[in-house]
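Below is one structure, written out as structure tokens; comments come after it.
The values are calculated or read from the model by the stated rules, or taken from the named source; none is laboratory data. This structure is a prediction, so every number in the text was calculated from the model and none was measured. For neighbour counting, all protein chains shown are included, and Cβ atoms are generated from backbone atoms with ideal geometry for every residue, glycine included.
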Amino acid sequence: MSPTLRVAVIGAGRMGADHIQRLHHRISGAEVAAVVDIDEARANAAIAGIEGAVALTDAQAALDSPDVDALLIATPGFLHHDILLKALERDIPILCEKPLTPDAASSWEIVQAEAKLGRKRIQVGFMRRYDAEYAQLRALVAGGELGELLMLHHQHRNPDTPAGFTNEMLINDSVVHEFDAIRFFTNEEITSVQVRLGKATKNAPAGQHDPQHVLIETESGVLADVEIYVNALFGYEVATQASFETGIVSIGNDSGPYVRTAGKWGGNVTPGFEERFGAAYDTEIQAWVDAAAKGELGGPSAWDGYATAACCEAGVEAQRTGQKVAVKLNAKPSLYS
Ligand code: ISE
């Protein structure tokens with residue numbers, strides 16, 4: 001492997017293009033070696049100004065290339081499974097954007113393939129784990145200085161949704177992050193999910209019930225609730241309030257600068273996830289590159305991808321039935337213990 005990690009980015013859409021710029025301008029120890037997109041013009045546009053990078057239209061070409069050391073997969077989730085299996089066969093470091101795969105059965109196949117390989121090669125793109133406040137809240141839970149964590153209240157608000165964003169995607173595409181965050185804060189698995197549908201906004205596209213209220217329990221009985229509201233118009237906001245035995249902790253609330261002028265006070269709301277989690281994405285990708293250089297991958301694993309896929313399946317069933325649905329997980333392979 002060359003001393004610089006030569007990364008092929010698969011998918012040059014919104015997230016892929018963001019990661020390409022990040023790798024090229026801000027990450028040390030890595031370079032963009034190839035960009036793969038079925039849309040050739042988009043692949044070419046994505047490598048503009050990146051010396052030495054090649055534009056490809058087939059992921060297999062990147063996997064076969066001796067000039068590629070690692071894969072960053074940023075295609076839609078339904079395309080992840082096959083590329084992941086091939087990349088595991090090549091035994092190279094992989095950063096896979098969430099979801100690992102769209103359902104628990106196919107995610108379990110990935111877990112099994114990696115367990116068979118015998119070493120962790122996949123990091124899943126749950127970037128919130130790299131947000132400073134998320135890490136601080138987890139440390140407060142683990143440290144116990146505020147007593148036991150009792151409840152979590154999550155707010156996840158997006159300004160709007162792209163075309164084709166279905167009702168199920170409120171769970172699979174958005175709440176999936178909260179499932180992972182709850183597992184991250186508590187270091188426990190989620191045992192059940194319930195979804196309540198109340199009064200809905202008229203600003204949602206046809207077919208979407210928005211907002212939704214998701215109720216979650218963990219192994220030790222921590223209760224979490226998520227307001228998922230994806231056509232909130234005002235901007236992008238992701239925040240959590242945690243209730244402990246001796247204190248309340250809030251993260252993700254607006255930060256400055258606060259300006260007072262012309263008889264008003266206030267600040268700006270981030271427009272999207274790229275701005276809200278920009279620093280977390282940088283830290284995430286740098287951690288992945290640094291770990292890959294040493295041959296030891298950390299961060300959210302294929303097991304985390306599988307466990308959250310199982311939560312999403314339960315969530316979509318809960319959305320459909322109105323019932324509280326148990327989350328079923330296979331036994332965790334020792335690789336992830
Ligand atoms: C999007 O795919 C993301 O991953 C964002 O972090 C999330 O806030 C948004 O709801 C999703 O659609």
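Values computed for the structure shown
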| item | result |
| --- | --- |
| Complete set of residues in region 219-250 that are over 12 Å from Met151 (Cβ atoms), charged (D, E, K, R) and outside any strand (DSSP E or B) | Glu219 |
| Flag for His209 being within 16 Å of the ligand (Cβ to nearest atom), closer than 19 Å to Ala314 by Cβ, outside any loop (DSSP other than H, G, I, E, B) and not assigned by TED's automatic domain parsing to the domain that holds Ala74 | no |
| Residue in region 52-70 that is under 20 Å from the mean Cα position of the chain (by Cα) and either closer than 28 Å to Trp303 by Cβ or surrounded by fewer than 19 Cβ atoms within 10 Å (Cβ to Cβ) (or both) present | yes |
| Helices (runs of 4 or more DSSP H) (entirely within region 90-191) containing at least 2 residues that are in the same structural domain as Ala293 (by TED's automatic domain parsing), within 16 Å of the ligand (Cβ to nearest atom) and buried (at least 22 other Cβ atoms within 10 Å of the Cβ) | none |
| Some residue of region 72-80 being among the β-branched types (Val, Ile, Thr), at pLDDT 95 or above, surrounded by fewer than 22 Cβ atoms within 10 Å (Cβ to Cβ) and within 16 Å of the ligand (Cβ to nearest atom) | yes |
| Single residue of Phe273, Phe277, Phe244, Phe234 found to be away from the ligand (no atom under 12 Å from the Cβ) and surrounded by 15 or more Cβ atoms within 10 Å (Cβ to Cβ) | Phe244 |
| Index of the failed condition, Gly49 passing every other in (1) within 16 Å of the ligand (Cβ to nearest atom); (2) loosely packed, with under 14 Cβ neighbours inside 10 Å; (3) assigned to a loop (DSSP other than H, G, I, E, B); (4) not charged (D, E, K, R) | (1) |
| Condition met for Leu63 (free of Cβ contacts under 8 Å to residues at least 60 places away in the same chain and either under 20 Å from Asp290 (Cα atoms) or not in a loop (DSSP other than H, G, I, E, B) (or both)) | yes |
| Unmet requirement for Ile216, which otherwise passes all of (1) part of a strand (DSSP E or B); (2) surrounded by 22 or more Cβ atoms within 10 Å (Cβ to Cβ); (3) in contact with a Ser or Thr (Cβ under 6 Å, 6 or more places away or on another chain) | (3) |
| Conditions (1) surrounded by fewer than 20 Cβ atoms within 10 Å (Cβ to Cβ); (2) touching a strand residue (DSSP E or B) at 6+ places or on another chain (Cβ under 6 Å); (3) closer than 18 Å to His156 by Cβ; number of the one not met by His209 | (2) |
| Near pairs, Cβ below 7 angstrom, 6+ apart or cross-chain, from region 7-32 (on the phi > 0 side of the Ramachandran plot) to any residue that is buried (at least 23 other Cβ atoms within 10 Å of the Cβ) and β-branched (Val, Ile, Thr) | Gly11/Ile73 |
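Results for (1) touching a Phe, Trp or Tyr at 6+ places or on another chain (Cβ under 7 Å); (2) assigned by TED's automatic domain parsing to the domain that holds Leu197; (3) at pLDDT below 95, shown as yes or no for each residue.
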site	(1), (2), (3)
Tyr236	yes, yes, no
Thr240	no, yes, no
Pro257	no, yes, yes
Ala293	no, no, yes
Glu296	no, no, yes
Lys332	yes, yes, no
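For every residue, the table says whether it meets (1) surrounded by 21 or more Cβ atoms within 10 Å (Cβ to Cβ); (2) in contact with an Asp or Glu (Cβ under 6 Å, 6 or more places away or on another chain); (3) modelled with pLDDT under 95.
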{"site": "Ala262", "(1), (2), (3)": "no, no, no"}
{"site": "Trp265", "(1), (2), (3)": "no, no, yes"}
{"site": "Val269", "(1), (2), (3)": "no, no, yes"}
{"site": "Ile285", "(1), (2), (3)": "yes, no, no"}
{"site": "Gly299", "(1), (2), (3)": "no, no, no"}
{"site": "Tyr336", "(1), (2), (3)": "no, no, no"}
